[in-house]
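**Student:** Take a look at the following structure, please.
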Amino acid sequence: MPKITTSDFRNGLTIMLNGEIYSITEFLHVKPGKGGAFVRSKLKGVTSGKVLDKTFRAGESVEAVRIERRPYQYIYREGDIYHFMHKQTFEQIPIPHEKLDRPDFLKENQDVQVVVHAENEEILFTELPDHVILEVVETEPGVKGDTAQGGSKSAKLESGATIQVPLFINEGDLVKVNSKEGTYLERVKL
């Protein structure tokens, strides 16, 4: 893996630190009046998600890690293994449950980004689109006159997830869901 220095830091760059891959989310070059310059950074663990504040000396070198995002389509589930197909090569790969980002919002034929360590082809994690459209399969019936501001009820979606929706949503409605937070955004008409 190539070595880089702190002058090469930029947001989104991935580096190897203590045997784990981190993504740089923030950094600041600091030149105090006394002493040497340094770089204050905020790093996020690519697989663990933990956030780390780290200070580097100016010019200190670290290992850069090249990761790639590849387009895949979810095809089916077999126990705790999810099977995906590459959108261009049609190659199929199995991915274990723990490497999935919000599998409760995953439905068949949905597009996802599979993030791969480019040097050793290890699958790090998957990313769902920010918003997904899912059908409501189970909820209490809506009552005429209920408005969007009038409260909420729980609804089970076709992917198996349960979210809170406004009272006017009925079974069979399509809803747009924020996949990162698991929240209702709007009803979708096709």
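Derivation of every value follows stated rules applied to the coordinates shown; laboratory data play no part. The structure presented is a predicted model; accordingly, all values stated were derived computationally and were not measured. Neighbour counts are summed over all protein chains in view; Cβ atoms, including those assigned to glycine, are modelled from backbone coordinates with ideal geometry.
**Student:** With the cut-off at 1.5 for a/c, could you classify the chain from its C-alpha gyration tensor as rounded, prolate or oblate? It would help to have the intermediate numbers written out before the result.
**Tutor:** Details: a/c = 3.58, a/b = 1.78, b/c = 2.01.
Oblate, since a/c reaches 1.5 and b/c is not below a/b.
**Student:** Quick check: convex hull of the Cα atoms in the range 52-133, volume per residue, rounded to a whole Å³?
**Tutor:** Details: hull volume 10.9 nm³, N = 82.
Considering the Cα atoms of the range 52-133, their hull volume per residue is 133 Å³.
**Student:** Another question about this same structure. For the range 3-64, rounded, prolate or oblate, judged on the Cα gyration tensor with a ≥ b ≥ c (square roots of eigenvalues), a/c < 1.5 rounded, else prolate if a/b > b/c? Present the calculation step by step, with values, prior to reporting the outcome.
**Tutor:** Working: a/c = 2.23, a/b = 1.75, b/c = 1.27.
Verdict is prolate for the range 3-64.
**Student:** OK, next. Where in the chain is the longest stretch that carries no trypsin sites (Lys or Arg not before Pro) classed as loop by DSSP and with at most 14 other Cβ atoms within 10 Å? Each step should come with its number before you reach the end.
**Tutor:** Numbers: sites that count: 10, 34, 50, 66, 87, 144, 180, 189.
My reading of the result: 88-143 is the longest stretch.
**Student:** Pairs 107/156; 44/99; 50/87; 3/42: which exceed 23 Å Cα-Cα? Let's see the in-between values first.
**Tutor:** Details: 107/156 13 Å; 44/99 16 Å; 50/87 31 Å; 3/42 19 Å.
The answer is 50/87.
**Student:** Which lysines, on any chain, are close to residue 189 with Cα under 16 Å apart, when same-chain ones fewer than 8 places away are left out?
**Tutor:** List returned: 176.
**Student:** Mind checking which of 61, 16, 93 is farthest towards the positive end of the range 1-144's charge dipole, using Cβ charges of +1 (Lys, Arg) and -1 (Asp, Glu) about the Cα centre?
**Tutor:** Positive-end residue among those listed: 61.
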